Amino acid sequence: MFNFDTSYASLGEAFFKYALPTPVQTPQVLLYNEALAKDLSLPLAYQVSKAQMDQERLQFIAAQLSGNRIADNTQPMAQAYAGHQFGYFTMLGDGRAILLGEHIAAHHSRVDVQLKGAGATPYSRRGDGRATLRAMLREYLISEAMHGLGIPTSRSLAVVTTGEKVYREEIHEGAVLARIMKSHMRVGSFEYVRHYLTKDDLLTYTRYALNRHYPDAANHEMPSVALLKAVLVQQVNLIVQWMRVGFIHGVMNTDNMSIAGETFDYGPCAFINGYDPAKVFSSIDTNGRYAFGNQPGIAHWNLSCLANALLPIIDDDTDKAVAKAKEVLDLFPGLYTQAYTEMMAAKIGFNAASCSNEVVDLIKSLLNWMKTESADYTNTFLTIQQALVDDKINQSAFFQDWLSQRNLLLDQHGISLSQAQQIMKPNNPLVIPRNHLVEAVLDQVVLGGNMEGFNALLSILQSPYQMNDAIAEYQTPPPNGDGFYATYCGT
Ligand code: AMP
Ligand code: MG
């Protein structure tokens, strides 16, 4: 099924442990991402006709993507990593995920194929290495929604049910998610190498990361500094994208920050309805460390952990190493502010060239108002864009006054209303995965065995900038706000 060529193996067994998935009882493909499969030159499930899946092919896919059958051309492994969880350093590693291998698609891109929920590994500690169907479906839905929104993310290739129970506080159906990523190298991977391996290993690992993800920087005279800077730039871009659509990752531990700049680890993540920078959904984030508005600051902090891990190979003289690392880290606030401002300006119709101080003030006053009113983040921008009529927002005197000021400013910058709409359109999604809708379709599957609602929502979320007759029912925020909606680390 896969064209495996696992370069990670060449790093040696200090970086991972070979581990095989534990076979499951009755693997069945519940979801298979045909579009992604096609992109990756993988076999398709719908060979006969669009309406009928090829059963033999499905069984083959189920066996491969549950981990029941291991191809001859690979040796699966669990990767070692550490990380700062809520600020505290700890040893981790793939405890419920197994890397099947690196697949090379026809267009020569290299991706990790990982099975999440594939059984215990040497890093499982007390965990069972399994995952619940509900959590894997949620990850599939949200990661594909992020992809639809145009945000770098891990992808979901399939959800295979196992026919086995998973025991948490309650009894759940088990499932395995096939996850595709540029790689699973994390900030925490470097922290692992720094703390448990040698300086030579750190250099090897840094070179490996550069070659794999930032080949343009691979010949830089200081690989460590080049890597830190490249990761920083990608993270700035990623967090700005999260802020654009109201995404809260929820568990931005350093082991959940990808070196390649992709969003991943969809546990307690959720989207905001009413705008509030202090918003937190995760049940375990009691201090709001990973609140919506804290995400850029936390990304910066996580990058300082990467810098810290790289110090021994930045310079033998610690003071010099720190100074060089700081020079790179200090780029973050400036780069972030500029990218964030340009993104927010685009959300209200201004291009980068017209990002004046007045535009910045306009953004600030809008956000202040949204915060006091708990105005819906997504729908406020759609109202400005005239892509949606929200009576509640329109009836506000502040909003009407703000709109006049904004139109005047557009005029001064020579931007017509229709030009402004074109600038706004790719920045303001018509739909986001609203929490209450996500939970409702998950309930339908888990309690009623019905995938219809899930598939309908998934299909809408795959094209979130495209007007569609069915879209209106997905645009309404929950009538009573978020209430006590809480998310949990997906287990
Ligand atoms: P996460 O919350 O997904 O970032 O995971 C944190 C750590 O806990 C990682 O080392 C995981 O591999 C591990 N872990 C989470 N759930 C399980 C589980 N069910 N079994 C074994 N290890 C787990
Ligand atoms: Mg994780």
**Given (1) away from ligand 2 (no atom under 16 Å from the Cβ); (2) under 28 Å from TYR205 (Cβ atoms); (3) in contact (Cβ under 8 Å) with a residue 60 or more places away in the chain, index of the condition ILE272 fails** = (2)
**Message:** Could you go through the stretch 399-420 and let me know if any residue there is surrounded by fewer than 16 Cβ atoms within 10 Å (Cβ to Cβ), hydrophobic (A, V, I, L, M, F, W, C), over 29 Å from the mean Cα position of the chain (by Cα) and within 14 Å of GLN475 (Cα to Cα).
**Reply:** no
**Prompt:** Across the stretch 250-307, which residue is farthest from ligand 1 (Cβ to nearest atom) among those that are among the small types (Gly, Ala, Ser) and touching a strand residue (DSSP E or B) at 6+ places or on another chain (Cβ under 7 Å)?
**Reply:** GLY274
**Prompt:** If only one of LEU437, LEU442, LEU458, LEU430 is under 19 Å from GLY174 (Cα atoms), under 23 Å from the mean Cα position of the chain (by Cα) and buried (at least 16 other Cβ atoms within 10 Å of the Cβ), which one is it?
**Reply:** LEU442
**Message:** I need every pair where a residue in the stretch 168-195 that is farther than 19 Å from MET252 by Cβ has its Cβ under 8 Å from the Cβ of a residue that is among the aromatic types (Phe, Trp, Tyr) and assigned to a loop (DSSP other than H, G, I, E, B), sequence separation at least 6 or different chains.
**Reply:** VAL193/PHE15
**Request:** Determine, yes or no, whether GLN64 is touching a helix residue (DSSP H, G or I) at 6+ places or on another chain (Cβ under 8 Å), of a type outside the set (Ser, Thr, Tyr) and either away from ligand 1 (no atom under 16 Å from the Cβ) or within 23 Å of VAL187 (Cβ to Cβ) (or both).
**Result:** no
**Request:** Select from the stretch 82-130 the residues that are assigned to a loop (DSSP other than H, G, I, E, B), within 9 Å of ligand 1 (Cβ to nearest atom) and among the aliphatic types (A, V, I, L, M) and list them in ascending order.
**Result:** LEU92, ALA120
**Fill in**
Pairing a residue in the stretch 4-30 that is assigned by TED's automatic domain parsing to the domain that holds GLY93 and without any contact (Cβ under 8 Å) to a residue 24 or more places away in the chain with any residue that is buried (at least 17 other Cβ atoms within 10 Å of the Cβ) and assigned to a loop (DSSP other than H, G, I, E, B), where Cβ atoms lie under 9 Å and the two sit 6 or more apart in sequence or on different chains, gives none
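So how many residues does the stretch 377-413 have that are charged (D, E, K, R) and either part of a loop (DSSP other than H, G, I, E, B) or in contact with a strand residue (DSSP E or B) (Cβ under 6 Å, 6 or more places away or on another chain) (or both)?
Counting residues in the stretch 377-413 that are charged (D, E, K, R) and either part of a loop (DSSP other than H, G, I, E, B) or in contact with a strand residue (DSSP E or B) (Cβ under 6 Å, 6 or more places away or on another chain) (or both) gives 1.
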**Prompt:** Within the stretch 246-265, can you find the residues that are assigned to a loop (DSSP other than H, G, I, E, B), under 12 Å from ILE151 (Cβ atoms) and more than 10 Å from ligand 2 (Cβ to nearest atom)?
**Reply:** GLY246, HIS249, GLY261, GLU262
**Request:** Run VAL245 past the list (1) more than 16 Å from ligand 1 (Cβ to nearest atom); (2) over 22 Å from LEU141 (Cα atoms) and report the number of the one that doesn't hold.
**Result:** (2)
**Prompt:** Out of (1) more than 16 Å from ligand 2 (Cβ to nearest atom); (2) surrounded by fewer than 22 Cβ atoms within 10 Å (Cβ to Cβ), what's the single condition that is false for HIS84?
**Reply:** (1)
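The values are calculated or read from the model by the stated rules, or taken from the named source; none is laboratory data. Computed from a prediction, not measured in an experiment: that's the story for all the values here. Because the Cβ atoms are built from the backbone with ideal geometry, glycine has one as well, and the counts that use them run over all protein chains shown.
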